[in-house]
Amino acid sequence: MSDVLTKPIRFSPSLPSRSAPTEAVYGLRPEAAEFPMMLVLSFVYPCNAECPNCPYTNSNIRDSYKDAPFMSEDIFKKIADEAGPHGAYLRISGGGEPMLHPKAVELLCYAKKVGCKIGLITNGSAFTERKSIALLRAGVDMIEFSVDACDPETYAIVRKGLKWKHLLRNARRMIEIRNRIGSTSKIVASGINQQGVDIDAVEKFWRDEIGVDNFIKRKFLTWGLNTSIDPSGSADPAPYLDIEDTPCPFIFERLNIDSRGNVMVCGYDIAANTSMGMVGQQSISDIWHGEGFSHYRDMHLSNRGSEISMCASCPDWKYRSWNHNYWKVVKGAELQREATFQRLGLDDDFQSVAVDTAEGN
């Protein structure tokens, strides 16, 4: 058994003072003791948009994945088969639009059948009614529309190449179908807090006018040396944590896998400069508890994370958070979904449709 497994697992949701021993309050989250809580998958690299603040628009990373533009069925199913028994989240994102994957619906439905939780991040452009129904019937746990705008003029700038009317149609249809069939899927929207965008107005529009279950305000990230993004585009540069005495939470809860099956140390390494293992050759559990991750964790727990070149060059470490994270969003979205269903449950027709759908599955 590895050193990581035999060490006491300690976690405190509150940030420590500078005098507090780092290892006494941080470490592997209890839910990640055996297996990562989340696997962030670079499911695809092709995209139908040219968003000006996307790291892939501002780098040559997509060109380097021309040999593997889509994650293969074999790699995806191996990941799903290992993650399913742990109920881990598969975060479906990557360097492009996930719904452009030719087997997107088939693979996501497969992952749900084997026990995975699914968090799909999408620009919302490629949903048909058939695809929406299939994902909702499968119970994809959370569908996140990445939007960044509340009007067509702003959208044309921040989401270059996409059509505002298509986004609204697809988002509204997704919510309407979800409510009609009684799906357990949560539907949220997100926006980057960037210059030229009124993020509060964006949140209000998507909550009140569209009816999403939650809204995620994302920090403006640059991915450092991986891209040419100008950090002055941020409208909220305030950090979440002090990197001098706070470990990065990502290496204690999640890992990232590219379309080739290579495991990177974290989401900052979108260019895959690190390789903690290959899922086609090793088990994910072995990689998670292997020497590579153990080294990173030990360094961070001893306040020496900045001695690692990858971490020292990361401008986004300060925007990671032990408290404000994906699971908090999930809980908030579920509360809103339940509230919506309770309200709609007053309608007898809705209740009968929800029951019939449940029995049919």
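Right, Gln282: outside any helix (DSSP H, G or I), surrounded by 13 or more Cβ atoms within 10 Å (Cβ to Cβ) and modelled with pLDDT of 95 or more or not? Considered against the rule, which asks whether it is outside any helix (DSSP H, G or I), surrounded by 13 or more Cβ atoms within 10 Å (Cβ to Cβ) and modelled with pLDDT of 95 or more, Gln282 comes out as yes.
Among the numbered conditions (1) open to solvent by less than 50 Å² (accessible area, probe 1.4 Å); (2) touching a helix residue (DSSP H, G or I) at 6+ places or on another chain (Cβ under 9 Å), the only one that Phe205 does not meet is (2). Quick check: is even one residue across the stretch 70-78 buried (at least 16 other Cβ atoms within 10 Å of the Cβ), of a type in the set (Asp, Glu) and either touching a Leu at 6+ places or on another chain (Cβ under 7 Å) or part of a loop (DSSP other than H, G, I, E, B) (or both)? Looking for residues that are buried (at least 16 other Cβ atoms within 10 Å of the Cβ), of a type in the set (Asp, Glu) and either touching a Leu at 6+ places or on another chain (Cβ under 7 Å) or part of a loop (DSSP other than H, G, I, E, B) (or both), one finds none in the stretch 70-78, hence no. When you look at Ser42, is it under 13 Å from Ile257 (Cβ atoms), open to solvent by 10 Å² or more (accessible area, probe 1.4 Å), outside any loop (DSSP other than H, G, I, E, B) and not hydrophobic (A, V, I, L, M, F, W, C), yes or no? Taking the combined requirement at face value, the residue satisfies it. No other residue among Ser232, Ser228 is assigned to a loop (DSSP other than H, G, I, E, B), polar (S, T, N, Q) and open to solvent by 40 Å² or more (accessible area, probe 1.4 Å) apart from Ser228. Taking each residue of the stretch 25-42 that is in contact (Cβ under 8 Å) with a residue 60 or more places away in the chain and looking for partners that are of a type in the set (Gly, Ala, Ser) and part of a helix (DSSP H, G or I) with beta-carbon atoms closer than 6 Å, six or more apart or interchain, yields Phe35/Ser285; Leu39/Ala83. For Arg254, the conditions (1) within 30 Å of Asn303 (Cα to Cα); (2) open to solvent by less than 10 Å² (accessible area, probe 1.4 Å) all hold with the exception of (2).
The set of residues from the stretch 277-318 being aliphatic (A, V, I, L, M), out of contact with any Asp or Glu (no Cβ under 9 Å at 6 or more places or on another chain) and within 20 Å of Lys77 (Cα to Cα) comprises Met278, Ile287.
Highlighted here are the helices (runs of 4 or more DSSP H) found entirely within the stretch 89-169 that include at least 1 residues which are open to solvent by less than 40 Å² (accessible area, probe 1.4 Å) and closer than 17 Å to Val44 by Cα: 104-113.
The values are calculated or read from the model by the stated rules, or taken from the named source; none is laboratory data. This one's a predicted model, so the numbers in the text were calculated from it and none came from an experiment. Counting neighbours? That spans all protein chains shown, and the Cβs are built from the backbone with ideal geometry, glycine included. Each accessible area value is taken on the protein alone, full model and side chains, heavy atoms only, with ligands, DNA and RNA left out. Shrake-Rupley method; radii C 1.70, N 1.55, O 1.52, S 1.80 Å.
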